[in-house]
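Have a look at the structure below before the remarks.
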Amino acid sequence: MRRVREALAERGISPELVELQNTARSAKEAAEALGVRVEQIVKSLVFRGARSGRPVLVLASGPNRADEEIVSELAGEPIEKADAAFVREKTGFAIGGVPPVGHAQRPVAFVDEDLLLYETVWAAAGHTHVVFGMAPARLPEITSGKVVRIKSKER
């Protein structure tokens, strides 16, 4: 959590970190614990570039699934689901607590356009029981991420 707090402070953000009584490993759990809509929860999805091996971070709105074909096109190479060891190595965090910032290796980042529909969104702060809220418009800035549509048009 210290690394997350420092990374946010470097970007001019000093949110209050909220410790939850129960785990927030899923968007649904986090939304219930915070009393907010699941759409306001930022899921940090980590993929692996199939050719480069680089981490690809997708910050998705809680109920949204990232269309891997779309993300592959955006990343400029096919992507693969990352296993727990890859996530831990590249981000420094365990699945379920991956924040948008403070990663061991800076990922290529994409921000789900649906997150920008809300005044406040909530993201993991490096631990499954700790989150922070912020204006979603800051997500592209703090991650150097591109705002994109991550779900297929059929959804």
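No value in this document is a laboratory result; all are computed from the given coordinates. As the structure is a prediction and not an experimental result, all values here were calculated from the model. Cβ placement follows ideal geometry from the backbone for every residue including glycine, while neighbour counts extend to all protein chains displayed.
So what is the calculated 222 nm ellipticity per residue for the chain, using -39500 (n - 2.57) for each DSSP H run with n of 4 or more, over all residues, to the nearest 500 deg cm²/dmol?
Working: 5 runs with 38 residues, N = 155.
That comes out to -6500 deg cm²/dmol.
Where does the stretch 1-73 land on Rg(C-alpha)/(2.2 N^0.38 Å)? All intermediate terms of the calculation are to be shown ahead of the outcome.
On the way: Rg = 14.7 Å, N = 73, 2.2 N^0.38 = 11.2 Å.
Its radius of gyration relative to the 2.2 N^0.38 Å reference: 1.31.
Computed from the alpha carbon positions, the gyration tensor of the stretch 85-150 leads to an equivalent ellipsoid with semi-axes of 20, 15, 9 Å, biggest first. Note on the chain: dipole from Cβ charges, positive end direction compared against Ala66, Pro55, Leu139; the farthest Cα belongs to Pro55. Ordered from longest to shortest, the equivalent ellipsoid semi-axes for the stretch 1-135 are 23, 17, 14 Å, each the square root of 5 times a Cα gyration tensor eigenvalue. Modelled this way, with points 7 Å down the Cα-to-C-beta line, the labels at Arg138 and Gln105 are 2.8 nm from one another.
Normalised radius of gyration (Cα atoms, divided by 2.2 N^0.38 Å) for the stretch 34-110: 1.07.
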